[in-house]
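The structure appears right after this line, and notes come after that.
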Amino acid sequence: MSFFSKLFSGTKGADRNAAPFVNPIQVEFHSHLIFGVDDGCETIEQSLEILEGFAKLGMRKVITTPHIMSDFYKNSKENLFPIRDEIRRRLKENNIELELDCAAEYLIDDGFEKKIEKGDLLTFGPNGKHVLVELPFMNEPRNLASSLFELQIAGFTPILAHPERYLYYNDDRSRFHDLKDQGILLQMNMLSCLGYYSKPVQDAAIYLVNNNLVDLVGSDTHNIKHQELLQEVYQNKVYHKVCEAALLNNNL
Ligand SMILES: [Fe+2]
């Protein structure tokens, strides 16, 4: 049985009379599919295979978000957009119907506020005002509050990528609520529902879902394995629950 036929076959242990789950998400906005620029896809073939997979999964649009960091992945539109355009050409040639945009996942590091000052940001969403940001995994950055504030006064809406993965929030989950109260949108990784990263990350994801804190979901696909695991995500009760919330993906 192929990956996609398995996807739409029954759920193990599910109530036979229950309506099959239909994934409501049509816009995937967190992935690493600009090949050769970060820790995601390495070749155009890998990018195209995953993008074709997203089209088969019912996505109408993919906004891919390569890492941008001040010292490690120094990407910018100058090197990213020509690759995006090459992928778009190949999608067209292969008759893959999918809108492809390229934004970025910005690490909030020491150079981030300079980028805001210069207006040098890759954005997306309604009026191009959404910015995807991530934090270091070890410590909350000391310039977090100022960076988010600067973004907001410049008219942008920050989306924090995978808050459940920052284990320093495990000891103080009130920080999730603080961020929401400050107008930060929270994006949960779909694979966190499965415990793919770790059990504590899965627990934090369940906390976010149960407390209605998730604004958007993203696959954070770096490779084909991540995409193949979405089959399991679509059968997962935590994912079903988050999809009952008013997620913003389809408005992007
Ligand atoms: Fe990412």
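Quick note: the coordinates plus some simple rules give every number you see, no bench work behind them. Note that the structure is predicted; figures quoted are calculated from it, not measured. Positions of Cβ are backbone-derived with ideal geometry, glycine not excepted, and every protein chain shown enters the neighbour counts.
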Worksheet item: For 43, 123, what ranking results if the residue with the fewest other Cβ atoms within 10 Å of its Cβ goes first?
Response: 43, 123
Practice prompt. Give me the Debye-computed log₁₀ of I(q)/I(0) at q = 0.12, 0.21, 0.23, 0.27 Å⁻¹ for segment 23-101, equal point scatterers on Cα only, no solvent, two decimals.
Written response: -0.31, -0.91, -1.07, -1.38
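Pull up the DSSP beta bridges for the chain and report the antiparallel fraction as a percent, rounded to 5.
Details: 1 of 23 bridges.
Bridges in the chain that DSSP calls antiparallel: roughly 5 percent.
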Worksheet item: Given q = 0.10, 0.11, 0.12 Å⁻¹, what are the Debye log10 I(q)/I(0) values for segment 25-251, with equal point scatterers placed on the Cα positions and solvent ignored?
Response: -0.42, -0.51, -0.62
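Give the residue list of trypsin sites (Lys or Arg not before Pro) in segment 62-167 that are DSSP loop and have at most 10 other beta-carbon atoms within 10 angstrom.
Working: sites: 74, 77, 84, 88, 89, 90, 92, 114, 115, 118, 129, 142, 165; in loops: 74, 129, 142.
Listed in order of number, the matching sites are 142.
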Item to complete: Step through the residues of segment 235-252 one at a time and calculate ³J(HN,Hα) from phi using the Karplus curve (6.51 cos²θ - 1.76 cosθ + 1.60, θ = phi - 60°), rounding each to whole Hz and writing x for Gly and Pro.
Response: 9, 9, 5, 5, 5, 4, 5, 5, 6, 6, 6, 7, 6, 9, 3, 6, 8, 7
Worksheet item: What's the FRET efficiency of residue 56 with residue 167 using the Cβ-Cβ distance as r and R₀ = 30 Å, to the nearest 0.05?
Response: 0.30
Worksheet item: What are the lysines whose alpha-carbon lies under 21 Å from the alpha-carbon of residue 114, with same-chain residues fewer than 8 places away excluded?
Response: 74, 77, 129
Worksheet entry | For segment 214-221, Karplus couplings with θ = phi - 60° (6.51, -1.76, 1.60), whole Hz, Gly/Pro x | 8, 9, 8, 10, x, 7, 6, 5
Worksheet item: For segment 62-75, what does the Karplus curve 6.51 cos²θ - 1.76 cosθ + 1.60, with θ = phi - 60°, yield as ³J(HN,Hα) per residue in whole Hz, taken in order and with x for Gly and Pro?
Response: 10, 9, 8, 9, x, 5, 10, 10, 6, 10, 10, 9, 8, 7
Discussion item. Full-extension gain between residue 207 and residue 145, please, as 0.36 nm times their residue separation minus the C-alpha to C-alpha distance.
Written reply: 20.0 nm
Worksheet item: Tell me, how many Å apart are the Cα centres for segment 149-182 and for segment 234-252?
Response: 19
Discussion item. Cβ neighbours within 10 Å, averaged per peptide: list 239-248, 207-216 in order, most packed at the top.
Written reply: 207-216, 239-248
